Amino acid sequence: MAAAGTLLEEGGLPLVTIEAVSARSGVGKPTIYRYWPNRLAVAIDAFAAHMARQVPSADLGDARSDLTEQVRRVAAFYATHAGTVLTQLLGATATDPAAAEQLRDRFLADRWAETTLMWQRAVARGEVRAEISPEIAIDLLFSPIIYRLLVRHAPIDPEAAAAIADAALGGLLSPQPSPGGPS
């Protein structure tokens with residue numbers, strides 16, 4: 001895993017071959033194939049481990065702070081070379097259903113589980129709308145970061161991350177006057 005992670009950092013997905021991982025780690029190719037079916041599987045696991053180390057789950061004591069900080073942390077991570085690696089992984093899994101499933105199971109599932117716990121803490125404290133599922137909240141908070149990463153139409157920076165979190169947490173619509181109240 002360390003060898004694959006180093007190769008990802010040095011040159012992204014193109015450098016992660018079974019031969020290169022074997023040479024860098026000193027582990028034989030048959031041993032690598034015992035744990036991973038191909039180079040993409042090794043790269044996904046190495047990337048997931050790297051992000052888990054680099055982007056810890058936020059727990060600042062309230063929903064707005066926790067979720068805003070988590071969006072900032074994810075955005076900061078994707079603003080580095082790691083964002084390029086993620087786009088390479090997404091591209092490689094686009095036509096490979098098994099790899100796409102592995103990306104969801106080994107990379108995204110852990111990230112979703114951490115954020116789901118944040119959401120559940122916020123629900124328990126009465127800070128968020130309990131009828132909104134964690135999946136919808138996660139989509140609203142983090143999808144704009146992935147969109148910016150893929151389309152590159154706007155920066156991924158702390159200010160953008162905070163603005164995205166604020167819009168998602170505050171809603172996009174202006175408050176409507178109550179019926180019979182001032183307009």
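Restricting Ala99, Ala160, Ala154, Ala82 to those that are in a helix (DSSP H, G or I) and farther than 28 Å from Ser25 by Cβ reduces the list to Ala160.
Restricting attention to region 42-99, the residues that are of a type in the set (Asp, Glu) and more than 16 Å from Trp119 (Cα to Cα) add up to 2. Which ones in region 118-139 are in a helix (DSSP H, G or I), surrounded by 14 or more Cβ atoms within 10 Å (Cβ to Cβ) and aliphatic (A, V, I, L, M)? Across region 118-139, the qualifying residues are Met118, Ala122, Val123, Ala137, Ile138.
Candidates Ala76, Ala63, Ala43: the one that is at pLDDT 95 or above, within 15 Å of Leu141 (Cβ to Cβ) and of a type outside the set (Asp, Glu) is Ala76. When the residues of region 53-88 are filtered to those that are among the hydroxyl-bearing types (Ser, Thr, Tyr) and either surrounded by fewer than 19 Cβ atoms within 10 Å (Cβ to Cβ) or outside the structural domain of Leu108 (by TED's automatic domain parsing) (or both), which remaining residue is farthest from Glu159 (Cα to Cα)? My answer is Thr87.
The values are calculated or read from the model by the stated rules, or taken from the named source; none is laboratory data. Just so we're clear, the structure is a prediction, and the values are computed from it rather than from any experiment. Because the Cβ atoms are built from the backbone with ideal geometry, glycine has one as well, and the counts that use them run over all protein chains shown.
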